[in-house]
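Have a look at the structure below before the remarks.
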Amino acid sequence: MIAGLFSAGLRRAALLLLVSSAALPAATHRVVFDQAETEVRWNRNEFHPPLPADWSGYEYLVLELRASSPQRFYLSLYGGGGVQSRQIHPLAGVWIRAAIPLVYFRQPNRAGFDMASVSKIPRDSFWMSTGGTYGPLNAVDAIGLRMQAPLNRPVIELRSARLSKQDPGSTVLGHKPVVDEFGQWIPADWPEKLKSLNQARAQWQREEAALSPGGFGYCRFGGYSGTKRQATGFFRVEQVDGRWWFIDPDGHQFFSTASNGIVSSGQDARFESRQDYFRQLPPPQAAGSFYTWNLLRRFQDQFPARWIDLTFRRMDAWGLNTIGNWSDHRLWDAHRKAYVVNLEGWGMNSGYLGLPDVYSPDFAVTVDRAAAAQCAPRKSDPYLLGYFIANEPPWPGRESLVVDTILDGPPSPIQKAVRAFLAAGDTPERRRQFIERAFERFLSVVNRAVRRHDPNHLNLGLRFGGVPPEWMLRASHSFDVCSLNVYATEADPKVLQRIHQVSGRPILIGEFHFGVPGRGLAAGLVQVRDQAERGVAYRYYVERAASFPAFVGVSWFQWIDQPVTGRGDGENYNIGFVDVTDRPYTELITAIGITHQRLYDVHAGNTPPFDRPPSAY
């Protein structure tokens, strides 16, 4: 996922406030972030004991700090005429020990298989980004903390900083547990915080009583019932009066509105080595998920059947016509909404930063078996919108690193191929060309196998992370739809135009979201001021994108807030349509319904899009 916290204008307008630490108490350094962009910087000699300049022999910077807000901040290391910065997302409202691995300042992360897993690493009391500039840490002059668009004047207190050769562990220091029996953050309070199961049951009952289908004009497949094109029995794409649309199996024009991650299992709250963070652990039948535990409380012995029915009732009421990526298979098989499938099994998880060994003689056989297992059983299902063949490959901009990873690994067919290719010259451009050829080979084998085992459904591409380079866009001619994930206040129309011109395909956005730091949760990749502004942001993003003629759909990431203590890679974002207690965010849901009632006319060019951008702070 690609962060887009500010517009370029706000970045240019940001005020950089350098705070002198001379007046700060020696015991604890404290900074209040109250400007559009605020930074505090401390010389290494201002810590007690002073930090050395040469960090070459150390592996961890160990900080003891307390952040009043879960809002991200940047940790910067100054020295040698430059600066290296990494995002830090702390658990908030409690003192934590944060042992920060210095390896991610010295060299790029080679672990992971997509952009999310390559760009961040989890720790038990925080998580951090891994991208930026790299180099030796042998002349560190100062440490800085910086925050952009701070909400509610957040405070960070830093009471110690030291270096360590061993990992002392990262943890919450005192004041445990920090998570209650509903999965909520104990150190924070907010008006909607759940206090009792009786309160939850009353609110759940009120929601169900109020749910009713919205007036979106959808047919059984989610297309606009008042339109009519050729019906083929499956989803396809077509230009109508110069504008691209999905066409549903009955021949109705269809604009996809979806949410990713519509599941009943939530995500593992990462209990290992942190059991004392939790007042109570979910029972075995909840499979490590507080969200599942709350659904069991809600539906009891009628779970999951009632959850499935409620999910469809919510989708009908909110105007969502597509079950997005990584959703529960039982929703697919209910045949009540269109759905998408993210294919896997190509060897990306065990490849080189997500690139499988496409030169292996076994690659085509592996791909064909995976395509047969996943596609053949669904080739006759009219509710299947199409397939994504991969998710956010991290190769763009990392081509040389991918090649290094291949060359440094054990002997393999792809290593032999890259050595032969680079024998004619080893330059950054030659390395990029090798990755381009490997990517084209990957697409050729995978696309052919998918089409062989399912000739009926759309190839929705591979969900590029952000805006891919032109060499990847050119390869998108082999898809039916060019899909990308864009985290920003809006999808830039000029960029959409370029993508459409180069790829020649209609465009689907597979991920976007907006969040607010609070409730123990971080804001996500795009921050807005409050819950009402999440609704404003949804309307602005979706309607402006829908007004572009080649645009055919959007999918929010994701249905449920992430666990407050972080999912597997550490993310703990306020990005759900519903919270961990299965209660919808009313302001966001109301705005979603308004926009979805307008989408046909906006995309058809009959109505201008909503035009108020959201506020970040």
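Tabulated data
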read-out: Test: residue in region 64-87 that is of a type in the set (Val, Ile, Thr), under 30 Å from Arg519 (Cα atoms), in contact (Cβ under 8 Å) with a residue 40 or more places away in the chain and assigned by TED's automatic domain parsing to the domain that holds Ala161; value: no
read-out: Any hit, region 454-462, residues being out of contact with any strand residue (DSSP E or B) (no Cβ under 9 Å at 6 or more places or on another chain) and closer than 21 Å to Arg236 by Cα; value: yes
read-out: Qualifying positions in region 260-305 - in a helix (DSSP H, G or I), among the charged types (D, E, K, R) and buried (at least 17 other Cβ atoms within 10 Å of the Cβ); value: Arg297, Arg298
read-out: The listed residue being among the aliphatic types (A, V, I, L, M), in a helix (DSSP H, G or I) and out of contact with any His (no Cβ under 7 Å at 6 or more places or on another chain), out of Val446, Val467; value: Val446
read-out: Answer residue from region 103-117, given it is modelled with pLDDT under 95 and in a helix (DSSP H, G or I) and is surrounded by the most Cβ atoms within 10 Å (Cβ to Cβ) among those; value: Met115
read-out: Candidates Gln166, Gln205, filtered to the one that is outside the structural domain of Pro49 (by TED's automatic domain parsing), surrounded by fewer than 19 Cβ atoms within 10 Å (Cβ to Cβ) and over 27 Å from the mean Cα position of the chain (by Cα); value: Gln205
read-out: Test result for Gly386, under 23 Å from Cys482 (Cβ atoms), at pLDDT below 95 and within 25 Å of the chain's Cα centre (by Cα); value: no
read-out: Cross-chain or 6+ apart pairs with Cβ under 6 Å, region 526-542 first and closer than 21 Å to Glu571 by Cβ and of a type in the set (Val, Ile, Thr), then in a helix (DSSP H, G or I) and at pLDDT 95 or above; value: Val528/Arg534; Val528/Ala537
read-out: Residues located in region 479-496, provided they are among the hydrophobic types (A, V, I, L, M, F, W, C) and closer than 11 Å to Glu511 by Cβ; value: Leu484, Val486
read-out: Options Ser259, Ser225, Ser264: the member that is over 24 Å from Pro382 (Cα atoms) and in contact (Cβ under 8 Å) with a residue 12 or more places away in the chain; value: Ser264
read-out: Out of Met115, Met128, sole residue that is of a type in the set (A, V, I, L, M), under 27 Å from Glu392 (Cα atoms) and in contact with a His (Cβ under 8 Å, 6 or more places away or on another chain); value: Met128
read-out: Qualifying residue in region 440-458 (condition: at pLDDT below 95, buried (at least 21 other Cβ atoms within 10 Å of the Cβ) and within 20 Å of Pro394 (Cβ to Cβ)); value: no
read-out: Count of residues meeting criterion [of a type in the set (A, V, I, L, M, F, W, C), in a loop (DSSP other than H, G, I, E, B) and touching a helix residue (DSSP H, G or I) at 6+ places or on another chain (Cβ under 7 Å)] in region 306-337; value: 1
read-out: Test: residue in region 405-412 that is under 29 Å from the mean Cα position of the chain (by Cα) and not in a loop (DSSP other than H, G, I, E, B); value: yes
read-out: Near pairs, Cβ below 9 angstrom, 6+ apart or cross-chain, from region 150-176 (without any contact (Cβ under 8 Å) to a residue 12 or more places away in the chain) to any residue that is of a type in the set (A, V, I, L, M, F, W, C) and part of a strand (DSSP E or B); value: none
read-out: Answer from Gln302, Gln280 - the residue that is closer than 30 Å to Asp124 by Cβ and modelled with pLDDT of 95 or more; value: Gln280
read-out: Members of region 268-322 found to be farther than 30 Å from Gly215 by Cα and polar (S, T, N, Q), listed by number; value: Ser273, Gln275, Gln280, Gln285, Ser289, Thr292, Asn294, Gln300
read-out: Filter result (out of contact with any Lys or Arg (no Cβ under 7 Å at 6 or more places or on another chain) and surrounded by fewer than 19 Cβ atoms within 10 Å (Cβ to Cβ)) within region 92-101; value: Pro101
read-out: Qualifying residue in region 281-295 (condition: over 23 Å from Val178 (Cβ atoms) and among the small types (Gly, Ala, Ser)); value: no
read-out: Qualifying residue in region 550-570 (condition: touching a Cys at 6+ places or on another chain (Cβ under 6 Å) and not charged (D, E, K, R)); value: no
read-out: Residue that is surrounded by the most Cβ atoms within 10 Å (Cβ to Cβ) [pool: residues in region 519-551 that are in a helix (DSSP H, G or I) and touching a Lys or Arg at 6+ places or on another chain (Cβ under 9 Å)]; value: Ala546
read-out: Residues within region 225-259 that are touching a Pro at 6+ places or on another chain (Cβ under 9 Å), in a loop (DSSP other than H, G, I, E, B) and within 20 Å of Asn485 (Cα to Cα), tallied; value: 0
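The values are calculated or read from the model by the stated rules, or taken from the named source; none is laboratory data. Treat the numbers as computed from the prediction; the structure is a model and nothing was measured. So basically every Cβ, Gly included, is an ideal-geometry build from the backbone, and we count neighbours across all protein chains shown.
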